[in-house]
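Working notes for the structure below.
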Amino acid sequence: MTSAGKRIVIPPRVTIPIGPQHPALKEPGMFKLTVEGEHIVDAEVNIGYNHRSIEKISENNTHLQNLYLASRICGICSATHNGNYAQAVEFAAEVEIPERAKFIRTLIWELDRIHSHILWLGVAFHEVGFDTAFMLSWRDREIVMDMLENISGNRIHHDMSTIGGVRRNISDAQKEQMLKGFDKLEERVVFYRDVAIHEKTFWNRIDGVGMLEPPIAKKTSAVGPTGRGSGLKVDVRFNDPVQAYIPMIDTGDFEMVLSDRGDVAGRSVVRVLEVIEAINMCRWLLNNMPDGPIRARVRPRIQPNEVLARHEAPRGELIHYLITNGTNKPDRWKVRAPTYNNWTSMAHCLRGDYLADAPIILAAIDPCYSCTDRVVIVDGNGETIRLVSLDNLRIESNKWHKEHPRRE
Amino acid sequence: MARLGKIQPELMKNVRSKQATVRYPFVKAGINVPEGLRARWDYKVPERCTGCKICERVCPAEAIEMIKCRPEDSQTKTGFRPICHLDRCVTCGQCVESCPRGVLILTDSFEMAFLSRDDMVVY
Ligand code: SF4
Ligand code: SF4
């Protein structure tokens, strides 16, 4: 071909919708990526396909029932919601729970973090097409799943926390078994850390991808490993410790895991190192667990109060805001799940990267869509989506509840 | 020669290692069923039930229904007894914890798939 025949092709701008149902997504969400050739030039994130009205349901439930509802907000971090709700009610009732209960609750939180981060690591391996490591890491995640099942009686919904303490005790035999399990798990996690860092198949796909610079992370209030991967010192366990984190952090043996890389690799490294840190925390908790009761009695009617309970969930800071009114039901319960904060930075992370990297960038904040969804009303017949103001929503939901009374 | 990555030695090891999964519906050995697993609801000691309805009130999933004692049931004081709708039960164990007479338990039989909702009512 002569040079005169050569044409310069300027790629057109195309907007590609990904979702709400898409093979690359594990949950429904909608991403509109505007691409020029293979470069993403603009991104728009829409969520709200999985609204379940949990906060509204909770107003008709007793606090005890809400514990189980809270745990079902998210399948992966069920212990965090369950424990944080229990903690919020205890704050409102102004009761102190026994020391041993605090230790067991914290132990469950940390075990939850371990399994959640290994799960994420597997998903990250899968998103970049490295399925061998995905299968292997999920196989080894079973060690911690079995531990959780042994102590709580359920693999996913542990439901260990109750108002005033925890529901099950940990026996000495279980403790020994867990300590043995941690040795094996630590060896495996160290191996996955090396795979993540030294295996070129993985590293080359995440190095420099999905940049979130520290100032922007701060501006979009990124939390959890997304923020810590950009060097932000945000970790409620260290900044505002509760439960058994207080004596644990006071020992000075534990440090916040930070990375100043700011890319997907930074977030991966933070998560893998955090698993190792969490294993050490679990060992400390088991070895220093005091004896004593595991449950304090709390009256079902909680005095009028307004509290904010914070906890570092695997994905970041989780906030439960609770207003109690002297009955055994909450007046208002508001959950701010960590993914909600991290969404805001998503559009920035996607911009400027390749389309093929979109799945791993989306996965890198470890999104949990259903924790996040807020009210949109979708009318299938009129094909409309509308956002509703609080006052209208209250009128509509009161009407709905009048028409659908609770079974007596 | 190209250096081996981190994962290749692991792969070689796994060629000869035992299978990690169980061929579950056909083979049941090797499934981890811990002591204290919370699974199927059971009305264990009917004679002790007073029919106080506490279990119905605490259930977060509205899975427990109080029905009139049938002739073949052991008769309770109030004349009502609980039944559980397994399709709604979330196996939380709150009813077991709240029952003042220790009537209910959650057994470790975890196979709870049925073809009809009628089969999912536990008497
Ligand atoms: S099972 Fe227990 S809680 Fe339920 S009605 Fe009988 S005694 Fe009461
Ligand atoms: S286990 Fe939980 S959901 Fe099931 S019947 Fe008992 S209280 Fe209801």
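The values are calculated or read from the model by the stated rules, or taken from the named source; none is laboratory data. Predicted model, so just to flag it, every value in this text is computed and none were measured. Using ideal geometry, Cβ is built from the backbone for each residue, glycine included, and neighbour counts are taken over all protein chains shown.
May I ask you to say which residue of A:108, A:76 is at pLDDT below 90 and away from chain B (no Cβ under 14 Å)?
Working: A:108 fails: at pLDDT below 90.
None of the others qualify; the one that does is A:76.
Quick one: which of B:22, B:15 is outside any loop (DSSP other than H, G, I, E, B), more than 10 Å from chain A (Cβ to nearest Cβ) and away from ligand 1 (no atom under 16 Å from the Cβ)?
Details: B:22 fails: outside any loop (DSSP other than H, G, I, E, B).
Result of the check over B:22, B:15: B:15.
Can you name every one of the helices (runs of 4 or more DSSP H) wholly within region A:6-109 that holds 3 or more residues which are crowded, with 24+ Cβ neighbours inside 10 Å and at negative phi?
A:63-71, A:78-93
Quick one: which of B:108, B:87 is more than 8 Å from ligand 1 (Cβ to nearest atom), within 14 Å of another protein chain (Cβ to nearest Cβ) and within 30 Å of residue B:24 (Cβ to Cβ)? I'd like the intermediate steps shown before the answer.
Working: B:87 fails: within 14 Å of another protein chain (Cβ to nearest Cβ).
Checking each option against the conditions leaves just B:108.
Output the number of residues of region B:2-49 satisfying the condition of being of a type in the set (Lys, Arg) and touching a residue at least 40 places away in the same chain (Cβ under 8 Å). Can you show your working first?
So the first thing to find is which residues in region B:2-49 are of a type in the set (Lys, Arg), and the list is B:3, B:6, B:13, B:16, B:18, B:23, B:28, B:38, B:40, B:44, B:48.
After this cut, where a residue has to be touching a residue at least 40 places away in the same chain (Cβ under 8 Å) as well, the list is B:38, B:40, B:44, B:48.
Residues meeting the conditions: 4.
Would you point out the residue of region B:90-104, among those that are within 13 Å of the chain's Cα centre (by Cα) and among the aliphatic types (A, V, I, L, M), that is farthest from ligand 1 (Cβ to nearest atom)? Spell out how you get there, then give the answer.
Just the residues of region B:90-104 that are within 13 Å of the chain's Cα centre (by Cα), to begin with: B:90-96, B:104.
From what is left, the residues that are among the aliphatic types (A, V, I, L, M) are B:90, B:96, B:104.
Values: B:90: 17, B:96: 9, B:104: 5 Å.
Among them, the one singled out is B:90.
How about region A:137-148: which of its residues are touching a residue at least 24 places away in the same chain (Cβ under 8 Å) and either surrounded by 18 or more Cβ atoms within 10 Å (Cβ to Cβ) or more than 10 Å from chain B (Cβ to nearest Cβ) (or both)? Talk me through it step by step, then tell me what you get.
First pass over region A:137-148, keeping only residues touching a residue at least 24 places away in the same chain (Cβ under 8 Å): A:137, A:140-141, A:143-148.
Hits for region A:137-148 are A:137, A:140, A:141, A:143, A:144, A:145, A:147, A:148.
Select from region A:159-177 the residues that are closer than 17 Å to residue A:65 by Cβ, of a type outside the set (Lys, Arg) and within 10 Å of chain B (Cβ to nearest Cβ) and list them in ascending order.
At the first step, the residues of region A:159-177 found to be closer than 17 Å to residue A:65 by Cβ are A:159-164, A:167.
Next, from what is left, pick out any that are of a type outside the set (Lys, Arg): A:159-164.
Scanning region A:159-177 gives A:159, A:162.
For residues that are crowded, with 24+ Cβ neighbours inside 10 Å and part of a loop (DSSP other than H, G, I, E, B), tally how many sit in region A:159-178.
3
Of the numbered conditions (1) among the hydrophobic types (A, V, I, L, M, F, W, C); (2) away from every other protein chain (no Cβ under 13 Å); (3) surrounded by fewer than 24 Cβ atoms within 10 Å (Cβ to Cβ), residue A:130 fails exactly one; give the number of that condition.
(2)
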